[in-house]
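Presented below is the structure to which this report refers.
Readers should treat all values here as calculations from the given coordinates under stated rules, not as data from a laboratory. Keep in mind that this is a model prediction, so the values were computed, not measured. Every residue, glycine among them, receives a Cβ derived from its backbone with ideal geometry; neighbour counts consider all protein chains shown.
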Amino acid sequence: MNKKRALIVIDVQNGYVTGALQVTYPSGSLEKILHAIDVAKEYNIPLIVVQHTSVGDAHGFIKGTYEWELHEGVKKFTPDFFIEKNYPSAFVQTKLESYLRENFIETLAVCGYATQVCCDTTARYAMHLGFEVEFLYDATATLGLKTPIYDVSAKELFEAAVATQETVFSKVMRVAEWHETLLKNHR
């Protein structure tokens, strides 16, 4: 018997697409995210959309700003479940786990921004809660980070996060592979 899935689209907000925190690696991720949503709709897979809201004096996604708004490409879809979150994991202080359990969803396909923060953290949390995780890596992206200690490229962050996901937490696949898996399961 096939396990019931949901697609979770994390933080595809203007700040990551065109704003100050614009993701740079890999290129083409937005198109892959939108393709994953199309595939989910094609197979009647529930669509979960997540929007990050910064709290306190945090920079970035301040509610009501252009950078905080969902990107137009994602906004055009009506999600089956919507989450506004304040932490990297879409599970922390939200009703995501309840929604998944109430709808008998056992597998969570993860995509969105940023690969090594909210996507990675949500995927890890899902695995720890007993869900199977499909990490749609070409439908995620990140940006480089410069701290007082490290200067890390977007490519390095992306590859480290995806390698860790593949080694421990998730089944890592491209959107095209995910689509093919769904096609095989529905024959």
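Checking residue 159 against (1) in a helix (DSSP H, G or I); (2) in contact (Cβ under 8 Å) with a residue 24 or more places away in the chain, which test does it fail?
All conditions pass for residue 159, except number (2).
Are any residues in segment 1-41 closer than 17 Å to residue 174 by Cα and part of a loop (DSSP other than H, G, I, E, B), and if so, which ones?
Correct list: 26, 27, 28.
Which ones in segment 82-106 are within 14 Å of the chain's Cα centre (by Cα) and under 23 Å from residue 34 (Cα atoms)? Spell out how you get there, then give the answer.
Taking segment 82-106 as the starting set, the residues that turn out to be within 14 Å of the chain's Cα centre (by Cα) are 82-85, 87-91, 96.
Of everything in segment 82-106, those that are within 14 Å of the chain's Cα centre (by Cα) and under 23 Å from residue 34 (Cα atoms) turn out to be 82, 83, 84, 85, 88, 89, 90, 91, 96.
Within the bounds of segment 20-31, is there any residue that is farther than 24 Å from residue 158 by Cα, touching a residue at least 24 places away in the same chain (Cβ under 8 Å) and crowded, with 18+ Cβ neighbours inside 10 Å? Spell out how you get there, then give the answer.
So in segment 20-31, the residues farther than 24 Å from residue 158 by Cα come out as none.
No.
Looking at residue 23 and the list (1) touching a Phe, Trp or Tyr at 6+ places or on another chain (Cβ under 6 Å); (2) more than 15 Å from residue 140 (Cα to Cα), which single condition is not satisfied?
Result: residue 23 passes all but (2).
Filter segment 143-187 down to the residues that are acidic (Asp, Glu) and loosely packed, with under 12 Cβ neighbours inside 10 Å and list them by number.
151
Looking at 136, 70, 100, 108 in this structure, which one is more than 29 Å from residue 156 (Cβ to Cβ) and in contact with a strand residue (DSSP E or B) (Cβ under 9 Å, 6 or more places away or on another chain)?
Within the list 136, 70, 100, 108, the selection yields 100.
Could you please let me know if residue 84 is in contact with a strand residue (DSSP E or B) (Cβ under 7 Å, 6 or more places away or on another chain), touching a residue at least 40 places away in the same chain (Cβ under 8 Å) and among the acidic types (Asp, Glu)? Before you say what the answer is, go through the steps one by one.
Details: in contact with a strand residue (DSSP E or B) (Cβ under 7 Å, 6 or more places away or on another chain): yes; touching a residue at least 40 places away in the same chain (Cβ under 8 Å): no; among the acidic types (Asp, Glu): yes.
No.
Return the total of residues in segment 38-49 being in contact with a Phe, Trp or Tyr (Cβ under 8 Å, 6 or more places away or on another chain) and touching a residue at least 40 places away in the same chain (Cβ under 8 Å). Spell out how you get there, then give the answer.
Going through segment 38-49, the residues in contact with a Phe, Trp or Tyr (Cβ under 8 Å, 6 or more places away or on another chain) turn out to be 39, 41, 46-49.
From the residues that got through so far, the ones that are touching a residue at least 40 places away in the same chain (Cβ under 8 Å) too are 39, 46-49.
So the answer is 5.
Out of 63, 75, which single residue is free of Cβ contacts under 8 Å to residues at least 40 places away in the same chain and over 30 Å from residue 152 (Cα atoms)?
Matching residue, one of 63, 75: 75.
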